[in-house]
Every structure is written in structure tokens, then in C-alpha cells.
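Engineer: Dumping the structure here so I can ask a few things about it.
The values are calculated or read from the model by the stated rules, or taken from the named source; none is laboratory data. Bear in mind that the values here come from a model prediction, so they are computed numbers and not experimental data. Glycine also receives a Cβ, built like all others from the backbone with ideal geometry; neighbour counts cover every protein chain displayed.
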């Protein structure tokens with residue numbers, strides 16, 4: 001056991017060292033800005049403490065000379081016109097083919113470009129206007145404009161955007177603002193076929209140019225002909241409120257059905273002051289549970305869920321710098337009611353784990369959220385906003401379940417930034433219920449993300465990603481449903497048998513992602529190699545057992561300039577061993593290259609620490 005565990009750790013640190021060896025230097029943020037912040041922080045001990053705790057320079061990425069010049073002139077224009085009254089906001093949306101946001105001379109000249117644009121419905125001007133955080137007759141604020149640009153760019157129907165001031169001849173106190181947006185192709189058919197099932201997914205990201213999203217996913221299992229269906233309709237922004245509403249219906253291959261509706265306004269920006277939401281769900285599912293003799297039997301579950309939460313973000317400092325305005329004290333309050341209409345008999349659930357409950361929680365925390373621009377991460381060659389910052393928060397409340405009231409207490413620490421060797425972040429959460437002074441259902445969760453700076457091998461670009469996760473539970477409920485499983489959603493794709501479980505797990509994903517130069521008719525190819533290793537443990541292990549679960553995958557992401565947020569994927573995965581299935585198993589398209597997402601350092605709806 002010791003040898004295998006040490007071997008696992010050795011591979012992890014070796015990959016880290018290889019990634020660290022391929023680095024490039026990064027710069028610091030503006031010295032003058034941080035000098036002013038530092039001077040302001042010295043006015044009191046509390047402000048000095050907050051300054052040391054929260055503020056750190058952001059990365060200065062290496063950019064092309066053309067982009068540097070463009071950004072320089074835009075920044076100078078903002079500096080020169082800061083505080084002037086906005087007379088008019090000029091919005092221009094462009095079709096996806098042949099146009100460019102930073103070159104007014106670019107126009108479609110090929111037949112397929114013109115034909116594609118005729119089929120495309122451009123984003124409505126008022127759809128973009130509803131995303132802006134500034135309005136006419138308000139003073140120009142460069143930080144607000146920058147945030148508006150980021151929020152437009154994250155819309156999945158937008159390829160790129162530039163917001164810049166336009167000076168008015170003869171006016172010293174007024175300014176116009178230009179908002180130029182390049183659409184992406186929003187109708188996306190995707191699909192995947194493996195040796196066991198296939199699916200076809202049709203998504204419209206920008207329904208009639210309104211920014212609404214419609215998704216329909218059809219899936220079929222080959223061995224028994226079972227069919228599943230998933231549909232959702234999302235309104236991403238209701239009248240400039242950033243209230244997002246989603247209605248969804250899901251029926252899977254095992255006839256489990258879920259209907260849900262969510263209405264929510266998150267802290268979508270560090271400048272947001274109010275947030276909240278409501279969620280309603282009706283779910284029916286069938287699952288197998290064992291009795292005391294270990295004999296499994298199918299059990300029916302039917303639940304109705306209601307969740308509500310409300311939050312407020314308080315600005316701590318009065319300064320106008322980005323650091324001051326992106327640092328907030330956040331308080332949130334939440335209520336969750338889960339009612340079981342059907343639940344398992346006491347023979348299969350003697351601890352009454354599946355019972356109706358009411359949960360009341362509150363969170364208070366301090367966070368800093370900022371973003372920096374980068375490229376060649378999860379998309380090919382377009383600007384992506386990488387979040388960095390810190391979170392310090394505590395959560396408390398109580399739960400009513402099985403005629404018993406238990407208190408809950410938890411805490412969270414998150415930190416992420418660019419270092420000279422790349423980007424790194426860590427998220428640590430610890431939470432537990434307490435009854436008469438005894439801890440119950442305790443969870444410790446530690447997650448980290450790391451990727452190198454963009455490396456070059458000849459004309460190829462390369463990044464190394466590493467994502468370790470450690471979860472440990474103590475005093476958990478003695479039922480198989482309250483056991484960690486290394487599954488598609490929680491660690492290693494392909495390990496879905498409930499008998500592969502434990503109370504603690506450690507798994508790490510290593511991914512070498514390459515970006516091939518050039519394109520073929522607008523398609524870019526990004527080959528990758530992925531290796532995921534995992535360990536499980538239970539109450540009888542001091543730490544983790546000696547079984548290493550692993551999968552090795554090779555494949556390629558296929559991106560298109562005009563689809564932006566969507567990519568096609570081909571992969572082949574090799575499993576040395578899958579318990580209860582066999583050894584030396586090869587699967588096609590079982591690996592999904594979407595589990596390397598980054599935290600955004602947001603404090604939102606209060607929740608218990610996830611144990612999965």
C-alpha cells in the first residue's frame with residue numbers, strides 16, 4: 001500500500017516539476033496604483049490588515065504589438081475622458097462571418113460567409129444594451145465599462161466585443177461610447193457516440209437575437225433501445241436586471257424524471273450589491289439500496305424541493321481604484337425545504353437518511369474578485385477572462401430533520417492568482433452538523449487548479465493543467481448513498497458502480513493540452529493527453545487504501561472560429577482495471593474535457609460543504 005501511495009504522490013509532484021520547468025516571466029500591476037492603495041491602507045490598523053490580506057498584483061501578460069497598441073490607445077482615451085457625461089451609446093452588432101470588431105474595413109467576401117450571415121439572426125441592439133452597467137447621462141467610469149465588456153464577452157452568443165469612448169468635437173464635458181459586438185454562430189448541433197450509447201444535442205444560444213437559450217438533447221442506449229430526453233429554456237437577462245430564469249425537463253435512460261425552474265440573480269460582478277434567487281424542483285427516480293444482508297432492491301424516490309436565498313454585498317473602502325471596488329463584505333441568507341413524497345422503507349434506510357428536511361443557513365464573508373484576460377485555455381485563440389482573488393467566509397445555521405434540530409457550522413478559504421510559473425488556485429472547505437456537542441456528517445474538501453503559462457514547442461502552443469481534489473468525511477450516515485463514489489461527475493469517468501465507494505478520496509487530473517497552428521476551413525485542432533489517478537479509503541483505513549483507480553485518454557478538441565464556446569471532441573480512453581467490469585478496457589468518447597473549470601471567488605447562496 002505504501003509503495004503504491006508513494007508512487008501516486010511521486011507522479012503528482014513530478015508533473016508539477018515538469019510544469020514548473022516550462023515557464024516564462026510575468027510582470028506586476030501598475031506601481032503607482034498600488035502605491036496609492038498602500039498609502040491609504042496605512043491610515044488605520046484595520047485597513048492595513050485588509051490590504052496585506054487581500055491585495056496582490058495581477059499578471060501582466062505578453063501580448064502582440066498590435067494588441068498592445070490598440071489597448072494603449074483605448075486606455076489613454078478612457079483616462080482622458082474619465083468622468084465626462086455620456087451623451088450617447090452607439091451599439092453595433094455584427095454577423096459572425098467576415099467581420100472584425102477592431103477592423104472596420106473587414107467585410108465578408110466569400111460566398112459561404114455571405115450565405116451564413118443571411119441565415120444568422122443578429123443580436124438585437126437592446127439585448128446588448130441590457131447587458132451594460134452604464135447608461136446615458138451618467139459619468140464615464142472606465143471600470144464599469146471594463147466590467148460591461150467582460151459581461152458581454154462571457155455571453156455564449158458573443159465572439160468578441162470592444163467598448164471605447166468616442167470624443168465629441170468641440171465638447172469638453174460630454175462623450176459618446178461605442179459598443180461593437182461580433183456575434184458567434186449560435187445554432188449548435190453536437191453529438192457523441194460511444195460503444196454503449198449515442199446522443200444528439202441541438203442548442204440555440206441566441207433565440208431570435210434575444211440572448212435566450214434553448215437546448216434539446218436526445219440520447220439512446222444501444223443494447224436495450226432505451227431513450228432519454230433533456231430540454232431547457234433560459235432567459236439570461238431580464239431587462240438589465242441580470243435575473244436569469246431557467247425552465248428544465250429531464251428524463252434519463254432509467255426513466256428518472258426531473259422538472260425544475262430557477263430564478264436567480266447572482267453576484268455577477270464585484271460591483272453587484274444585491275443578489276438572490278428561488279429554485280423549485282419535482283423529481284422522481286428509482287435507485288437500488290441494500291438491506292442489512294447486502295441484498296439490493298429497487299426503491300422509489302419522489303421529492304419536491306423549494307430553495308430561496310437573498311444576499312447583499314457591502315463595499316468596504318471608499319476609494320475609486322479597482323482593488324477597493326472589487327473587495328466586499330458579503331452576507332447571504334438561505335432556506336431549503338425538501339419534502340419526500342415517496343422514500344425507501346426502513347429496511348433499506350434504517351437511519352432515515354432519505355427524509356424530509358428544512359435547512360436554514362447564513363453566510364458572512366470577505367472576498368476580492370478580479371479578472372485578467374488570457375488566451376488558449378478552454379477555447380482556441382479568443383480572449384478568456386480568468387478570475388483571481390480571495391474568499392474568507394463562515395456559514396452557520398440549523399437543520400430540522402426526523403424530528404431533530406441540528407446546528408451546522410462551516411468555513412471556506414479560497415485563493416487564486418497568477419504566479420511566475422502560471423496560474424494557481426486553492427479552495428478549502430470544512431463543515432459539520434452538531435448534535436448535543438457531537439459532530440455529524442463532517443466534510444473536509446480541498447480542491448486546487450494549476451496551469452502553466454502558454455508554452456511554445458516550435459509553432460505549437462502547449463499548456464499543462466493539473467487539478468487535484470481531496471474529500472474526507474467523518475461520522476457519516478451508515479448508508480451506501482452517503483458514500484463517496486469516483487464517478488463521471490465526481491472524479492473519473494467510467495467508475496459508476498455504487499460498490500466502488502468510500503468515505504475519503506484523492507484524485508488528480510493531469511492534462512497536456514496542445515494547440516495546433518493554422519486551421520482547416522475555420523476548424524482548429526487541439527490534441528490532448530489526459531491521465532487521471534484516484535484513491536479511495538473508508539473508516540478502516542488510516543488514510544487511503546492501496547487500490548489506484550486510473551484512466552488514460554488521448555484525443556482532440558475541434559474548435560471553429562465561429563462557434564467559439566462549442567467544440568467537438570474525439571477521445572479514446574484506456575482503463576487498466578474497472579472493478580465489476582474487467583481489465584484493459586478501452587472506451588471511445590467516454591472522457592469529457594470540461595472538468596478543468598476555474599473558481600470565480602464568488603460568495604453566493606449559502607450551502608453545506610458538498611460531499612461528493
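Engineer: Go through segment 179-221 and give me each residue that's at pLDDT below 90, assigned to a loop (DSSP other than H, G, I, E, B) and surrounded by 15 or more Cβ atoms within 10 Å (Cβ to Cβ).
Structural biologist: Within segment 179-221, 184, 185, 186 qualify.
Engineer: Test each condition in (1) in a strand (DSSP E or B); (2) more than 22 Å from the chain's Cα centre (by Cα); (3) more than 24 Å from residue 243 (Cα to Cα) for residue 362 and report the one that comes out false.
Structural biologist: For residue 362, the exception is condition (3).
Engineer: In addition: Restrict the check to segment 312-328 and report whether at least one residue is crowded, with 16+ Cβ neighbours inside 10 Å, more than 30 Å from residue 390 (Cβ to Cβ) and either at pLDDT 95 or above or touching a strand residue (DSSP E or B) at 6+ places or on another chain (Cβ under 7 Å) (or both).
Structural biologist: no
Engineer: Taking segment 477-503 as the search range and keeping residues that are assigned to a loop (DSSP other than H, G, I, E, B), without any contact (Cβ under 8 Å) to a residue 60 or more places away in the chain and more than 22 Å from the chain's Cα centre (by Cα), which one is nearest to residue 515 (Cα to Cα)?
Structural biologist: Top of the filtered list is 496.
Engineer: Could you check segment 450-469 and list, in sequence order, the residues that are crowded, with 19+ Cβ neighbours inside 10 Å and in a loop (DSSP other than H, G, I, E, B)?
Structural biologist: 452, 453
Engineer: Being within 19 Å of the chain's Cα centre (by Cα) and part of a strand (DSSP E or B) is the filter here, so list the residues in segment 236-264 that pass it.
Structural biologist: 244, 245, 246, 262, 263, 264
Engineer: Which residues, counting only those in segment 109-120, are surrounded by fewer than 17 Cβ atoms within 10 Å (Cβ to Cβ) and either in contact (Cβ under 8 Å) with a residue 60 or more places away in the chain or not in a helix (DSSP H, G or I) (or both)?
Structural biologist: 109, 110
Engineer: Of the residues that sit in segment 166-178 and are modelled with pLDDT of 90 or more and assigned to a loop (DSSP other than H, G, I, E, B), which one is surrounded by the most Cβ atoms within 10 Å (Cβ to Cβ)?
Structural biologist: It comes out as 168.
Rundown of residues vs (1) out of contact with any helix residue (DSSP H, G or I) (no Cβ under 9 Å at 6 or more places or on another chain); (2) under 25 Å from residue 455 (Cβ atoms); (3) surrounded by fewer than 17 Cβ atoms within 10 Å (Cβ to Cβ), yes/no style:
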| site | (1), (2), (3) |
| --- | --- |
| 359 | yes, no, no |
| 369 | yes, no, no |
| 379 | yes, yes, no |
| 389 | no, no, no |
| 398 | yes, no, yes |
| 402 | yes, no, yes |
| 406 | yes, no, no |
| 410 | yes, no, no |
| 418 | yes, yes, no |
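Engineer: For residue 472, work out the one condition from (1) free of Cβ contacts under 8 Å to residues at least 24 places away in the same chain; (2) assigned to a strand (DSSP E or B) it doesn't fulfil.
Structural biologist: Failed condition: (1).
Engineer: Continuing with the same structure: Checking the conditions here, which among 152, 168, 121, 163 is under 31 Å from the mean Cα position of the chain (by Cα) and over 27 Å from residue 203 (Cα atoms)?
Structural biologist: Exactly one residue qualifies, and that residue is 163.
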